[in-house]
Amino acid sequence: MTEAGDGAIVRQVLDGDTEAFGILVERYRIEFGRVAEAMLGDRDAAEDVLQESFISAYRSLGRCRDPERFKSWAFRIVTNRCRDLLRKRPAISIDLVEVPAKEAADMPAEDSELAAQLERAMSRLTPEQREVFVMKEVEGRSYEEMAELLDLKIDALRMRVMRAKTVLRKAMT
C-alpha cells in the first residue's frame, strides 16, 4: 500500500484503517521537517510543530476536500503552525546552517560575523516572507511547486521572495 497515491490512503484511513495514516507521515515527515526547521531555526521546535501538525491533520482528515492533494493540505498545516509560532515568538533566531562548536571556533572571524549578520537579517522577515524565502532559496523549490503547496499564485510568490530579498539586502548592508 506504500505505493498507493495519497488519495487512496486518505480514503483508507477514513474507512477505518487508522494505521494507514503512518504511511502518509513517513512519506512527508522528512520534507516537512526540513521546511519547519528552516522556518523556525530550531530543530526541537520544528519537531514539535511537525508532531502537532500530523496530529491535527489526522483529526481533521475528513475536512480535506481533495484527498489527492493531501500533501499540499498537510503542508499548509505545517507552515501555518510555523507562522503562528513565529508570530508569538518573533525573536526566534534563524540558523540556516548548523555549525558544530569545534568548527565554529576554527571559523574565521569574518565568517562568524557574516553568519550573525545573516541571522539578524532573517529575523526581520515576516513569517510569510521567511516561508517563501526558505522554500525558494534554501529548499530550491520551483515557483510552480510552491504555488501548489501554498495555494498561492506564482506572481504573489515572486513578489514575496523579492520583498524578502530586499529586506535581507538592506539588513546586510
PHE21 accessible area, 1.4 Å probe, all protein chains in place, Å² to nearest 10: 20 Å²
Cα-based shape type of segment 33-89, given that a ≥ b ≥ c are square roots of the gyration tensor eigenvalues and the cut on a/c is 1.5: prolate
Exposure rank, largest accessible area first [TYR58, TYR143; 1.4 Å]: TYR58, TYR143
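The values are calculated or read from the model by the stated rules, or taken from the named source; none is laboratory data. Values in this document were obtained by computation on a predicted structure and should not be read as measured data. Note: accessible area is taken over every heavy atom of the protein model, side chains too, but ligands, DNA and RNA are not part of it. Shrake-Rupley method; radii C 1.70, N 1.55, O 1.52, S 1.80 Å.
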